Each structure stands twice: as structure tokens, then as C-alpha cells.
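J.: The structure under discussion is supplied below as C-alpha cells; questions concerning it will follow.
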Amino acid sequence: MTVLDLTSAKRRAAARALDFVRPGMRLGLGTGSTATEFVRLLGARVAEGLKVLCVPTSKGTLALAQSLAIPLATLDQVPELDLVIDGADEFDPQLRLIKGGGGALLREKIVAATSARMIVVVDASKEVARLGRFPLPVEVDTFGLEATRRHVINLARVMRLPPNVELRRGAEGHAFVTDGGHYILDCAFGSIGDPEALARSLATIPGVIEHGLFIGLASTIIVAAATEIRLLGEASQ
């Protein structure tokens, strides 16, 4: 049995995503370990003369892109993008995603929604038959945190999901704060039978800024396994 080298798989998926980039494109740059591999590879192509204009989805991606001299703009300056390349914490056969493990889900979803196409780069370990193995991140306002958390817990009970909802904390025990100044609730719901219904219900809770269910956004998923790369969804370049 061939063992999956995660670092190698991420690099191979990111390299395959570069095949979709064309000169003059307006690109969204995702956040996370696999997206970071793509940004590094893109930086090398820019150094060779590739002309693109990019919008980062987080301060971390912004800093990395700046260090590689990748031309950058804000989403206000470039409100329509040709392509966004991003990772995912998990995906299912319907190309539905859970994102937000890196804490940038709100900005990632805003950028994805304004892009003509979203390509997701992942290693094969992120593939699931049903979403929910990875705890669902829910970005919430800092005001009324406990009230919002209880609303999410009550929703889980109504939907017959385990009501395991915890505030994300950093290494020193303090509440994790997103680039937008919000908190994140990590919801260990287990197997999610109806992601669309859960997404709709979470969006109705006051205090919920955004959730990590990305539904109907991914056009193509590039999956790097131990010895092969698969393309799911739209495979045309």
C-alpha cells in the first residue's frame, strides 16, 4: 500500500491548478497549507514574466504574495475575478466543501462568490462520503457570543446533530480572532445528512456572520492521491 505524502500531494495539486491560469487573469488567492503551495508556485511564474492581478483572502496570504512580488489588488478595486484557487478541509462527491480551518472562511467565501470559477486543490485525505468529519467552522460576532452559541446548539438538536459547539481558541488559550475581528465556533456535528438545510438554518441565526459550508461554489476539485491526480467537476482548461 502506497502511503500518501501530504506535503508532496499538496504541491502536486497546486502545480496542476497552475495549468488553469492564463496571462491577464484576475485571480483570488486562497488561504491554508495547500493554497500556500499554489501561491509559492504562482510567485515563481510571476518572476518568469506571467502577468496576473491577484486578490488575497487573508492577511497571511497577502503577506506571502507581497514577499513574492505578486501584483495585488483589493476586491473593491477588482470586484469581478476570473478564477479563485483555494483549498478545503473536506469535500464530498457533490463538490460541497467544509472550509474555515484556517480561520478565513468569510473572506474566502466572498472571494469565491465573486469569481467566475473556483478551483479547489486538496490531497486525497480530504475526501469524504458525507460532510462532517471535520468540525464545521461558524464565524460569529463577538457581541452576544454565548447567546449565539446557544442558538447554534439548539439548531443542532432540532436537526438531530450532536450539539458539540466550542469557541475556537489560540495556542495561549485566548479566543481566536479572524481577520475581520470575529470569533469562530467549531461545531463537531458529525455526519451532516442535509448540508443545504443546515446552511440555510445557520444563516438565519442573529450573530452568525458566515458558516464554512461552501455549496454550489466549487467548479473543479483537483485531488492529489499517492500516485495520481484526479479532476472532479469541470475539467476543461
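The values are calculated or read from the model by the stated rules, or taken from the named source; none is laboratory data. Note that the structure is a prediction, hence the values are computed from the model and not measured. Cβ sites come from the backbone with ideal geometry, for glycine too, and all protein chains shown count toward neighbours.
J.: In the list Gly100, Gly170, Gly180, which residue meets the criterion of being outside the structural domain of Val21 (by TED's automatic domain parsing), in contact with a Leu (Cβ under 8 Å, 6 or more places away or on another chain) and within 18 Å of Thr31 (Cβ to Cβ)? Before you say what the answer is, go through the steps one by one.
T.: Values: Gly100 fails: outside the structural domain of Val21 (by TED's automatic domain parsing); Gly170 fails: in contact with a Leu (Cβ under 8 Å, 6 or more places away or on another chain).
Gly180 is the lone residue from the list that is outside the structural domain of Val21 (by TED's automatic domain parsing), in contact with a Leu (Cβ under 8 Å, 6 or more places away or on another chain) and within 18 Å of Thr31 (Cβ to Cβ).
J.: Can you name the residue in segment 178-210 that is in contact with an Asp or Glu (Cβ under 7 Å, 6 or more places away or on another chain) and under 14 Å from Ile110 (Cβ atoms) and is also surrounded by the fewest Cβ atoms within 10 Å (Cβ to Cβ) among such residues?
T.: Top of the filtered list is Ile209.
J.: Now, a different point. If you check every pair at least six apart or on different chains, which have Cβ atoms under 8 Å apart with a residue in segment 162-190 that is under 19 Å from Ile209 (Cα atoms) first and a residue that is surrounded by fewer than 16 Cβ atoms within 10 Å (Cβ to Cβ) and modelled with pLDDT under 95 second?
T.: Phe176/Gly170
J.: Select from segment 1-41 the residues that are in contact (Cβ under 8 Å) with a residue 40 or more places away in the chain, in a helix (DSSP H, G or I) and within 25 Å of Pro79 (Cβ to Cβ) and list them in ascending order.
T.: Within segment 1-41, Ala17, Phe20, Ala35, Phe38 meet the criteria.
J.: Would you mind stating whether Ile222 is in the same structural domain as Arg12 (by TED's automatic domain parsing), hydrophobic (A, V, I, L, M, F, W, C), closer than 23 Å to Val122 by Cβ and touching a residue at least 40 places away in the same chain (Cβ under 8 Å)?
T.: Working: in the same structural domain as Arg12 (by TED's automatic domain parsing): yes; hydrophobic (A, V, I, L, M, F, W, C): yes; closer than 23 Å to Val122 by Cβ: yes; touching a residue at least 40 places away in the same chain (Cβ under 8 Å): yes.
Answer is yes for this residue.
J.: Pairs please, first residue from segment 49-78 and in contact (Cβ under 8 Å) with a residue 12 or more places away in the chain, second anywhere and of a type in the set (Asp, Glu), Cβ atoms under 8 Å, 6+ apart in sequence or on different chains.
T.: So the pair list comes out as Thr57/Asp86; Thr57/Glu108; Ser58/Glu108; Ser58/Asp179; Lys59/Asp179.
J.: Could you count how many residues in segment 44-91 are under 25 Å from Asp186 (Cβ atoms) and part of a loop (DSSP other than H, G, I, E, B)?
T.: Going through segment 44-91 one residue at a time, the tally reaches 5.
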